[in-house]
Amino acid sequence: MLGPEESPGFLLWHATLRWQRDVAAALGPLDLTHVQFVLLASAWWLNRQGERPNQLALARHAGTDVKMTSQVLRKLEAKGLLEREVDEADTRARRLRVTERGADLARRAVDAVEGADAAFFAPVRDTAALMSALTVLVEDDRS
């Protein structure tokens, strides 16, 4: 039996917790939670690509639960960061558009999170190998 310090899952758990604390600290001054950031930044990025995703497409892109995504999007809408407009082709769906205020916040939040990521991952010597390993794990999740 492996001890906890020899378990990749246990180490990943602890690394993830530390990384989440660092990201939360970076986003705190911007009044965003981590999941709010992920959804706002994802919607902003998709809008910049010319897409107006619905809630389901955004949840799939971000890897979030659809019901939770809807709840968080309502909060972002209440903050004036995005608009949820009825889709003319499917009145049950809502198309998402990040507001100018939301785009400004998304840019600042991405910078803050990228800074937190750079500091967190700085001790990793072989970032290409880390990215490769993480990509394999993410691809397995998407299949």
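Every read-out reported here was derived from the displayed coordinates using simple, explicitly stated rules and does not represent laboratory data. For clarity, every value in this text was computed on a predicted model and none was experimentally measured. Note that we place each Cβ from the backbone using ideal geometry, even for glycine, and neighbour counts take in every protein chain shown.
Summary table below
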{"item": "Gyration tensor verdict on the chain (Cα atoms; rounded if a/c is under 1.5, prolate if a/b is larger than b/c, oblate otherwise)", "result": "prolate"}
{"item": "Euclidean distance between Cα centres, the range 75-126 to the range 1-45, Å", "result": "16 Å"}
{"item": "Modelled FRET efficiency - R0 30 Å, Glu88 with Val110, Cβ distances, 0.05 increments", "result": "0.45"}
{"item": "Added length on full extension, which subtracts the Cα-Cα distance from 0.36 nm per residue, Thr16 to Val35", "result": "5.4 nm"}
{"item": "Extended-chain gain in nm, criterion 0.36 nm per residue less alpha-carbon gap, Ser132 and Leu2", "result": "44.3 nm"}
{"item": "Acute angle (nearest 10 degrees) that the helix 8-27 long axis makes with the longest principal axis of the chain, alpha-carbon atoms", "result": "50 degrees"}
{"item": "Magnitude of the charge dipole, the range 47-101, Cβ model with Lys/Arg +1 and Asp/Glu -1, debye to 20", "result": "200 debye"}
